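Presented below is the structure to which this report refers.
What follows is calculated from the coordinates using simple rules that are stated; it is not laboratory data. Owing to the predicted nature of the structure, the values given are computational and were not obtained by experimental measurement. Cβ coordinates were reconstructed from backbone atoms using ideal geometry, including for glycine residues, and neighbour counts include every protein chain displayed.
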Amino acid sequence: MVEFKSEAALAAMRESGRVVATALAEVERAAGVGVSLRELDEVAREVLRKAGATSPFLGYRPAFAPVPFPAVICASVNDAVVHGIPTGYRLRDGDLVSIDCGALLDGWAGDAAVSFTVGPPRPEDRRLIDTARRALEAGIAAAVVGNRTGDIAHAIGTVSRAAGYGLLDGYGGHGIGRRMHEDPHLPNEGRPGRGFPLKPGLVLAIEPMLIAGGTDTHTTDPDGWTLRTTDGTRAAHVEHTVAITPTGPRILTLP
């Protein structure tokens, strides 16, 4: 079932989105050579605590997961695409890091992700991250009343494929509101004019997941969560929570 949000609900989601944006900014600021992924998780936990928010990630256990997720961020490094569990791994110069974070505040969820490098990026990493951001921007631009989810998917896929990148097979964005994951599913590639119609009050988490080597497939780590590229190439993941409004898309996870 798809819930269309009122202006009051969108205002509340904007506040949860600010918490997510703050957490992501603080985590990126803290990320440096020698810092562990668990330490980055602690940074995000403190942001949530100060805001009076909770984590929709912590304890989350979908059907595929052997154990509940044990952290408030997903920390995916280099060839890990998404769902990386924060461990004691200490960051190294040149690592490509994707951080996904969510917040629940006053009953409403926000969800966003960023990708960055530790230290100056290699040219190929800069291009990958920049393309992921452009794909996200294209998807957001297509999130207008009268379009369908297929138009967003087509916009993301067009930018990503034109640059020669793969898109994580079977994964994409989703509706969001009172829960982190709601209907409808939002693929990262599709045909324009198809899919769920975009109407005012619909809120979507739009999240391109690009694979540098051009493949779409993945493997799953023994932890049952971390998804890695099958070709060993690097990946980037970016995301915003976006509301469909009569005046255009409204990004709810900005600072």
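For Leu37, what is the net charge nearby, where nearby means another residue's Cβ is under 11 Å from its Cβ and Lys, Arg count +1, Asp, Glu -1?
Once positives and negatives cancel, what remains is -2.
Counting each pair of different Cα atoms once, what's the Kirkwood radius of the range 27-67 in Å, rounded to one decimal?
It is 11.9 Å.
Only Lys, Arg, Asp and Glu count, each charged at its Cβ (+1, +1, -1, -1), so figure out the dipole size of the range 41-141 about its Cα centre, rounded to 20 debye.
That gives a dipole near 60 debye.
Gain in length, Glu15 to Arg122, computed as 0.36 nm per residue apart minus the alpha-carbon separation, to one decimal in nm?
35.0 nm
Can you list the HN-Hα couplings for the range 238-255, worked out from phi with the Karplus curve (6.51, -1.76, 1.60; θ = phi - 60°), rounded to whole Hz and with x for Gly and Pro?
10, 7, 9, 8, 10, 9, 8, 10, x, 9, x, x, 10, 7, 9, 10, 8, x
Per DSSP H run of at least 4 residues, take -39500 (n - 2.57); add these up for the chain, divide by its residues and hand me the 222 nm value, nearest 500 deg cm²/dmol.
Value at 222 nm, helices only, nearest 500: -9500 deg cm²/dmol.
Could you state the principal axis extents of the C-alpha atoms in the range 73-167, from the largest down, to the nearest angstrom?
Result, largest extent first: 46, 40, 18 Å.
Take the Cα coordinates of the range 44-86, assign each an equal point scatterer, and use the Debye formula without solvent to give log10 I(q)/I(0) at q = 0.20, 0.26 Å⁻¹.
Relative scattering, expressed as log10 I(q)/I(0), comes to -0.68, -0.94.
Each residue of the range 49-60 in order: what ³J(HN,Hα) in whole Hz does its phi give by Karplus 6.51 cos²θ - 1.76 cosθ + 1.60, θ = phi - 60°, with x for Gly and Pro?
So the J values, rounded to whole Hz, are 4, 5, 7, x, 9, 10, 9, x, 7, 5, x, 5.
Quick one: pull the percentage of alpha-carbon pairs in the range 95-135 with a separation above 17 Å.
Details: 357 of 820 pairs.
For the range 95-135, the fraction of Cα-Cα distances above 17 Å is 44 percent.
Whose amide H sits under 5 Å from the amide H of Val82, counting only residues 5 or more places off or on another chain, with H placed in the peptide plane?
For Val82, whose amide H was placed from the backbone, the distant partners under 5 Å are Leu227.
Taking +1 at the Cβ of each Lys and Arg and -1 at the Cβ of each Asp and Glu, which of Val81, Val144, Ser36 sits farthest along the dipole of the chain towards its positive end, judged by Cα position relative to the Cα centre?
Of Val81, Val144, Ser36, it is Val144.
Could you tell me, in Å, what Rg and Dmax come out for the Cα atoms of the range 1-154?
16.5, 48
Can you list residues whose amide H is under 5 Å from Gly190's amide H, if they're 5+ apart or on another chain and H is modeled 1.01 Å from N?
The list, which skips near neighbours in sequence, is His154, Gly157.
Between the range 62-91 and the range 170-229, what's the alpha-carbon centroid distance in Å?
Here the answer is 17 Å between Cα centres.
Only four residue types carry charge here, +1 at the Cβ of Lys and Arg and -1 at the Cβ of Asp and Glu. Report the dipole size of the chain about the Cα centre in Debye, rounded to the nearest 20.
On the way: 26 positive and 30 negative charges, 85 e Å.
Roughly 400 debye for the chain.
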